[in-house]
Amino acid sequence: MTSEATAPAGSQGQKRPAISFEFFPPKTEEMERNLWEVINRLAPLTPDFVSVTYGAGGSTRERTHSTIARILTETKLTPAAHLTCVDATKADIDDVVARYHDVGVRHIVALRGDPVSGIGNAYTAHPEGYQSSADLVASIKRHHPDMEVSVSAYPEKHPESATLDADIDALKAKVDAGATRAITQFFFDNDLYFRYLDRVRAAGITIPIVPGILPVQNFKMASNFAKRAGASMPEWLSAKFEGLDDDADTRRLVAATVAAGQVQKLAKHGVENFHFYTMNRADLVFAISHLLGIRPNGAQKAA
């Protein structure tokens, strides 16, 4: 385990964990109302930033932009806009970044994105597009030096990477291009994160590697996500949800227990940053943040 992750949670002088939330842009008016209920519920927890995802090939481009713009105008939250290289020219992507910059966005989550034909198929860059997320990062920083750029990281390696070392080389290229934060794919075994962190640090990468946390709202859905993303689902996790397909109330209690245990153990080993994949739901994320010692409007308790 790394030396940077050894301070016990609750130790004197421990600072408030830094949290961030990820949302996806709504497809319908009802989903938009739900999203804003979630945002209003979570906003008092004063996250460092909130990110909004971006569909493959820009399929949610306008919805992502309008959600980001509304967050900027109607809340005190700091938005980060996801952006991918998929099925778009450099000019198109540069235009999207410029529009975000014009409305006040100063943080981009830069991703290569999944193949248009779906995860598991070979990725082919647009002939006039950015060939990799490192190229995208470099372009954003070249055109907008005041933009903060976060990127992805994969404790179990990206499904398309030949080896974990090759995957870490890709992360280093993104850092060399100007990325200042990496957010991990979700994981459920904390040892995977700490082993990955050791290897990343050994490679000379010093930026924060923020664990991405997925509270399991729906086990079957989470299993499908994990399969597509190359993330493992431990047998112990499957066992905890066994027999609960038709028992939503118990599922929520189990989900809260599992996710709370994961983040509290990470915090006890010195992890100070958490990125929550909210799935546009507030209940579990609010409860887990509470257990981390985070209170609405910045009030703090020891975790």
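The values are calculated or read from the model by the stated rules, or taken from the named source; none is laboratory data. Bear in mind that the values here come from a model prediction, so they are computed numbers and not experimental data. Cβ: placed from backbone, ideal geometry, glycine included. Neighbour counts: every protein chain shown. Ligands, DNA and RNA are stripped out before the accessible areas are found, and what is left, the full protein with its side chains, is counted by its heavy atoms. Shrake-Rupley method; radii C 1.70, N 1.55, O 1.52, S 1.80 Å.
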Taking H placed 1.01 Å from N in the peptide plane, check which residues at least 5 places from I213 or on another chain put their amide H under 5 Å from its amide H.
H275, F276, Y277
About its Cα centre, what dipole magnitude does the chain give when the only charges are +1 on Lys and Arg Cβ and -1 on Asp and Glu Cβ, stated in debye to the nearest 20?
780 debye
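Within the stretch 18-292, what whole-number % of the accessible surface is contributed by carbon and sulfur, with the 1.4 Å probe and all protein chains included in the calculation?
Numbers: 6080 of 12220 Å².
That fraction is 50 percent.
Rounded to the nearest 500 deg cm²/dmol, what is the calculated helix-only ellipticity per residue at 222 nm for the chain, with -39500 (n - 2.57) per DSSP H run of length n ≥ 4? Don't skip to the end; give the middle numbers.
Details: 10 runs with 127 residues, N = 303.
My calculation for the chain gives -13000 deg cm²/dmol from helical runs alone.
How much length, in nm to one decimal, is gained on full extension between R295 and T206, taken as 0.36 nm per residue of separation minus their Cα-Cα distance? Don't skip to the answer; put the middle values down first.
On the way: separation 89, 0.36 × 89 = 32.04 nm, distance 2.96 nm.
Once the chain is fully extended between R295 and T206, it gains 29.1 nm.
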Determine the equivalent ellipsoid of the chain by diagonalising the alpha-carbon gyration tensor, then write out the semi-axes as square roots of 5 times the eigenvalues, largest first, rounded to whole Å.
28, 23, 21
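Of all DSSP beta bridges located in the chain, what percent are antiparallel, nearest 5? Could the numbers behind the result be given before it?
Working: 1 of 29 bridges.
Rounded to the nearest five, the antiparallel share is 5 percent.
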If you stretched the chain out fully between K265 and D146, how much longer would it get, using 0.36 nm times the residue separation minus the C-alpha to C-alpha distance?
39.3 nm
Just to confirm a number: summing +1 for Lys and Arg and -1 for Asp and Glu over residues other than D245 whose beta-carbon lies under 10 angstrom from that of D245, what do you get?
-1
